[in-house]
Amino acid sequence: MSDSVDAVVIGAGVVGLAVGRALAMKGMEIIVLERHRLPGQETSSRNSGVIHSGIYYPQHSLKALLCVRGRELLYPYCESRELAYRRCGKLIVAQEAQIEALHGLNGKAKANGVNDLEWLSAAEVRELEPAVRCAAGLLSPSTGIIDVHELMTAFEADIEANGGSAVFDSELLEAKAVSGGFELRVLSGGDESVLMCRRLINSAGLAAIDLLKRIGGYPAERLRPAYFAKGNYFVCQGVKPFGRLVYPMPNEAGLGVHATLDLDGTTRFGPDVEWVDVPEYSVNPARGNSFYAAIREYWPGLPDGSLQPGYSGIRPKLVGADDKAADFLIEGPEEHGVPGLVNLLGMESPGLTSSMAVGEHVCRKLFAT
């Protein structure tokens, strides 16, 4: 590991690697530091693997802007790198009492620049997905699924091809703002070392807020609590009922218990929302009991006993259970006053879809200072 580089990115999840790639392709010498032994071992490897179209987010929010732009970048990138993905499409389904809200969602999508949604009657939904029952639906043809691990591997390869590197089993202990950049204390393979960089990007995911306390010079008044929303997934054994993703109407806690697909067609349902104080990934089988009623609102044919525990993921949240959902927070020197520092906070869904656009956004923040 070089002892002085242009930029260091903390965190080798899909967003951190996308940021590292964007910086490396700008000609910067960069290192991505990751405390785990492999990329994406926390949030990135435990999500739905969905390429979102940008429907749900408030107009002009970072989530809306970066999701739409990220999708525009991601599909051509997958094609150029021959990565495994499928533009399978998504149905958002509404029951009778939710039709007005579905119209509102359609309007929100158009305001965000998502102009390819198709309004479907109940009969038209059944033609596409015979197992689904609803009063109306929206078809999003630009929604897809992707092999997240292949994507992260491709981002890492691009970093290396442009002179950068990802260094694993390496944890940032402390960062101190000094003249011309930052002095980092890094624990790598059991040994402590010092690394200098001109720019520092905090993309530590679940640990990003805690990491702020270890960045000397970061304003104490900007410190904040971290919140963790655990999402449990259950796999449907023995049947493959849908050819597309199927989502109920969203609620305040998230996008509801929806049906997503693996690239092999296996159906899984989730996530639910379980607020936890400390990230941990066990799945309580009993939580699946509540899934049946939620799923049967749109798939009444769900067989008894067909749901088995799959996996769980943790979403890094900026607000707690009783607060309105927050936007991404991407703060640079103009917000916190520390030259060369960019913090990526609350990078939950649609972080995967937005990842390449986040890379562009971070470059703009850094090169504007």
Subset of the stretch 263-284 (residues that are of a type in the set (Gly, Ala, Ser) and either open to solvent by 70 Å² or more (accessible area, probe 1.4 Å) or at pLDDT 95 or above (or both)): 282
Can you tell me which residue is most open to solvent (accessible area, probe 1.4 Å) among those in the stretch 157-177 that are hydrophobic (A, V, I, L, M, F, W, C) and assigned to a helix (DSSP H, G or I)? 161
Selection from the stretch 324-351 of residues open to solvent by less than 30 Å² (accessible area, probe 1.4 Å) and in contact with a His (Cβ under 8 Å, 6 or more places away or on another chain) yields 330, 343, 350
Near pairs, Cβ below 7 angstrom, 6+ apart or cross-chain, from the stretch 100-117 (closer than 14 Å to residue 61 by Cα and among the polar types (S, T, N, Q)) to any residue that is open to solvent by 40 Å² or more (accessible area, probe 1.4 Å) and in a loop (DSSP other than H, G, I, E, B): 112/59
Among the residues of the stretch 51-58, are any in a loop (DSSP other than H, G, I, E, B), in contact with a helix residue (DSSP H, G or I) (Cβ under 7 Å, 6 or more places away or on another chain) and open to solvent by 70 Å² or more (accessible area, probe 1.4 Å)? yes
Does residue 357 satisfy the criteria of being in contact (Cβ under 8 Å) with a residue 60 or more places away in the chain and small (Gly, Ala, Ser)? yes
Residue 294 passes all but one of the listed conditions (1) in a helix (DSSP H, G or I); (2) surrounded by 18 or more Cβ atoms within 10 Å (Cβ to Cβ); the exception is number (2)
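Among the residues of the stretch 79-102, is there at least one that is within 23 Å of residue 367 (Cα to Cα), open to solvent by 40 Å² or more (accessible area, probe 1.4 Å) and over 17 Å from the mean Cα position of the chain (by Cα)? Even if it seems obvious, please write down each step before you answer.
We begin by selecting, within the stretch 79-102, every residue within 23 Å of residue 367 (Cα to Cα); these are none.
The answer is no; no qualifying residue exists.
Take the conditions open to solvent by less than 10 Å² (accessible area, probe 1.4 Å), within 28 Å of the chain's Cα centre (by Cα) and not hydroxyl-bearing (Ser, Thr, Tyr) and apply them to residue 186. Does it pass?
Numbers: open to solvent by less than 10 Å² (accessible area, probe 1.4 Å): yes; within 28 Å of the chain's Cα centre (by Cα): yes; not hydroxyl-bearing (Ser, Thr, Tyr): yes.
The answer is yes for residue 186.
Which one of 180, 256 is crowded, with 17+ Cβ neighbours inside 10 Å and free of Cβ contacts under 8 Å to residues at least 40 places away in the same chain?
Numbers: 180 fails: crowded, with 17+ Cβ neighbours inside 10 Å.
Step by step, each of 180, 256 is checked, and only 256 is crowded, with 17+ Cβ neighbours inside 10 Å and free of Cβ contacts under 8 Å to residues at least 40 places away in the same chain.
Name the residues in the stretch 20-45 that are farther than 13 Å from residue 205 by Cα and surrounded by 23 or more Cβ atoms within 10 Å (Cβ to Cβ), would you?
Of all residues in the stretch 20-45, those farther than 13 Å from residue 205 by Cα come to 20-32, 37-38.
Once the filter is applied, which keeps residues that are farther than 13 Å from residue 205 by Cα and surrounded by 23 or more Cβ atoms within 10 Å (Cβ to Cβ), the stretch 20-45 yields 20, 21, 22, 23, 24, 30, 31, 32.
Take residue 327 and tell me if it is in contact with a helix residue (DSSP H, G or I) (Cβ under 8 Å, 6 or more places away or on another chain) and among the acidic types (Asp, Glu).
Values: in contact with a helix residue (DSSP H, G or I) (Cβ under 8 Å, 6 or more places away or on another chain): yes; among the acidic types (Asp, Glu): yes.
Taking the combined requirement at face value, the residue satisfies it.
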Can you tell me which residue in the stretch 19-50 is nearest to residue 267 (Cα to Cα), limited to those that are part of a helix (DSSP H, G or I) and touching a Leu at 6+ places or on another chain (Cβ under 9 Å)? 45
Search the stretch 157-172 for residues that are over 10 Å from residue 33 (Cβ atoms) and pair each with any residue that is assigned to a helix (DSSP H, G or I) and open to solvent by 60 Å² or more (accessible area, probe 1.4 Å) when their beta-carbon atoms are under 8 Å apart and the residues are at least 6 apart or on different chains. 158/25; 162/25
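Do we find a residue being part of a helix (DSSP H, G or I), closer than 21 Å to residue 148 by Cβ and in contact with a Ser or Thr (Cβ under 9 Å, 6 or more places away or on another chain) anywhere in the stretch 321-337?
The first filter runs over the stretch 321-337 and keeps only residues part of a helix (DSSP H, G or I), leaving 333-336.
Applying the additional criterion that residues be closer than 21 Å to residue 148 by Cβ yields none.
No: the stretch 321-337 contains no residue that is part of a helix (DSSP H, G or I), closer than 21 Å to residue 148 by Cβ and in contact with a Ser or Thr (Cβ under 9 Å, 6 or more places away or on another chain).
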Residue 248 vs (1) open to solvent by 60 Å² or more (accessible area, probe 1.4 Å); (2) over 26 Å from residue 17 (Cβ atoms); (3) under 24 Å from the mean Cα position of the chain (by Cα): all pass except (1)
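Mind checking whether some residue in the stretch 110-132 is in a loop (DSSP other than H, G, I, E, B), open to solvent by 10 Å² or more (accessible area, probe 1.4 Å) and aromatic (Phe, Trp, Tyr)?
Within the stretch 110-132, the first condition is being in a loop (DSSP other than H, G, I, E, B), and the residues that meet it are 112-117, 129-132.
In the following step, the residues that additionally are open to solvent by 10 Å² or more (accessible area, probe 1.4 Å) were identified as 112-113, 115-117, 130-131.
With aromatic (Phe, Trp, Tyr) added as a condition, the list becomes none.
Checking the stretch 110-132: not a single residue is in a loop (DSSP other than H, G, I, E, B), open to solvent by 10 Å² or more (accessible area, probe 1.4 Å) and aromatic (Phe, Trp, Tyr).
The values are calculated or read from the model by the stated rules, or taken from the named source; none is laboratory data. Nothing here was measured: the structure is a model prediction, and the numbers come from that model. Because the Cβ atoms are built from the backbone with ideal geometry, glycine has one as well, and the counts that use them run over all protein chains shown. Surface areas here come from the heavy atoms of the whole protein model, side chains and all, with no ligands, DNA or RNA. Shrake-Rupley method; radii C 1.70, N 1.55, O 1.52, S 1.80 Å.
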